[in-house]
Amino acid sequence: MIIIGEKINGTRKKVAEAIAARNEDFIKDLAFSQFKAGALYLDVNAGTLPAQEPADLVWLIELTHQAAPEAIICLDSANPDALATGLEKVKSFNPPKIMINSLSGESKRVEGVLPLAAKYSTELIVLALDDQGIPETVEGRLNIIRRLIGLCRDNGLEDEKLFIDPLVMTISTNIKAGLVTLDTIKAIKSEFPKVHQTCGHSNISFGMPLRSIINQSFMALTIYAGLDSAISDPENRDLKAATMATEALLGMDRHCLKFNKAFRAKQIGPIAL
């Protein structure tokens with residue numbers, strides 16, 4: 001499972017405060033702890049006003065790279081100017097390791113994000129939504145994904161660089177939401193076997209009690225359906241254990257070596273008091 005660490009996000013109160021105060025240690029600690037916990041990719045989202053966002057994003061990128069130089073920076077912004085500034089910064093790293101979060105079928109995203117992804121040959125998260133919103137059906141989401149994958153191919157981005165997000169809606173408002181996501185994952189895997197698939201699992205449980213149990217169960221189901229990436233908290237021990245157990249049960253962890261190694265390293269399982 002490819003983990004994209006979600007914590008460096010300015011929409012979180014403590015991160016926003018750290019950005020405003022230029023608290024370097026706080027951001028570095030977030031980056032290092034996520035990478036140490038197994039996040040190969042680190043999502044970086046300033047979440048500030050458009051005029052300030054390019055400078056804030058570069059500041060976050062610099063600190064993230066200092067704390068976890070081997071991590072791949074996932075630039076998360078709807079602002080093309082901020083993305084362009086951030087891409088130039090990451091381009092200066094040796095070697096540059098870049099992902100963009102994200103491209104959708106919305107016209108402004110296609111016009112603003114896709115040319116940047118093509119220019120810098122980045123990895124790219126692709127969302128199953130367009131100007132009409134998120135389709136309720138599997139076929140509706142597939143139609144958007146087909147179009148976007150076609151555009152990416154036309155712009156020189158190979159399927160292997162794409163991380164398709166089928167989009168997760170909450171079961172508290174639509175009891176079929178989980179099934180639609182799972183069936184979309186299966187359909188994408190069948191039609192586009194070389195792309196990666198990712199999602200934010202925790203959306204499934206919004207508005208529900210016992211959210212952690214629902215999230216763990218959904219993680220197992222999505223892995224079985226074909227998901228190979230997650231935008232999540234790599235330091236969530238229970239979710240990590242559920243993920244690794246699922247991979248072992250599905251024959252994806254040879255001799256259960258990764259599961260046993262993580263248990264011996266006390267990365268999963270009960271914490272001794």
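Things worth noting here:
- When DSSP beta bridges are restricted to pairs lying wholly in the chain, around 5% turn out antiparallel.
- Here the mean projected area of the convex hull built on the C-alpha positions of the chain is 14.9 nm².
- Its Cα centre serving as origin, the stretch 1-96 has a Cβ charge dipole (Lys and Arg +1, Asp and Glu -1) of approximately 180 debye.
- Taking the chain as a Gaussian network of alpha-carbon nodes connected by springs under 10 Å, the highest mean-square fluctuation of the residues ILE125, ILE213, ILE19 belongs to ILE213.
- Proximal charge balance of THR11 [Cβ under 13 Å; K/R count +1, D/E count -1]: -2
- Fewest neighbouring Cβ atoms within 10 Å first, the residues MET244, MET208 line up as MET208, MET244.
- Cβ-based charge dipole, the chain, positive-most Cα from ALA82, ILE213, MET99: ILE213
- Working from label points 7 Å from Cα in the Cα-to-Cβ sense, the ASN143 to LYS176 distance is 1.6 nm.
- A simple spin-label model places the labels of LEU250 and LYS194 2.2 nm from each other, with each point 7 Å out along Cα-to-Cβ.
- When the Cα positions of ASN45, ILE19, GLN34 are compared along the charge dipole of the stretch 1-96, GLN34 comes out farthest toward the positive end, with charges on each C-beta of Lys, Arg, Asp and Glu.
- Distance between modelled label sites at ARG22 and GLU160, nm, 7 Å Cα→Cβ extension: 4.2
- Reciprocal mean inverse distance between Cα atoms of the stretch 1-96 - Kirkwood radius, Å: 12.9
- As a length-normalised measure over Cα pairs under 8 Å and 6 or more apart, the relative contact order of the chain settles at 15 percent.
- When peptides 254-262, 146-154, 23-31, 158-166 are ranked by their average number of other Cβ atoms within 10 Å per residue, the highest-first order is 158-166, 23-31, 146-154, 254-262.
- For the chain, a Gaussian network of Cα nodes joined below 10 Å ranks PRO95, PRO115, PRO193 by mean-square fluctuation, and the top entry is PRO95.
- Within the chain: Cβ-based charge dipole about Cα centre, in debye rounded to nearest 20 (Lys, Arg +1; Asp, Glu -1): 760
- The slack in the chain from ASN236 to LEU151, taken as 0.36 nm per residue of separation less the alpha-carbon distance, amounts to 27.0 nm.
- The rule of thumb for compact globular proteins, 2.2 N^0.38 Å, goes into the C-alpha radius of gyration of the stretch 100-232 1.02 times.
- Kirkwood radius, the stretch 49-89, all distinct C-alpha pairs, inverse of mean reciprocal distance: 10.3 Å.
- The stretch 184-237, Rg to Rh (Cα coordinates; Rh as Kirkwood inverse mean 1/r): 1.01
- Applying 1/(1 + (r/R0)^6) with r as the Cβ-Cβ distance of LYS266 and SER107 and R0 = 51 angstrom yields a FRET efficiency of 0.55.
We did not get these values from a lab; they are worked out from the coordinates using the rules stated. The structure displayed is predicted, hence computed values, not measured ones. Cβ sites come from the backbone with ideal geometry, for glycine too, and all protein chains shown count toward neighbours.
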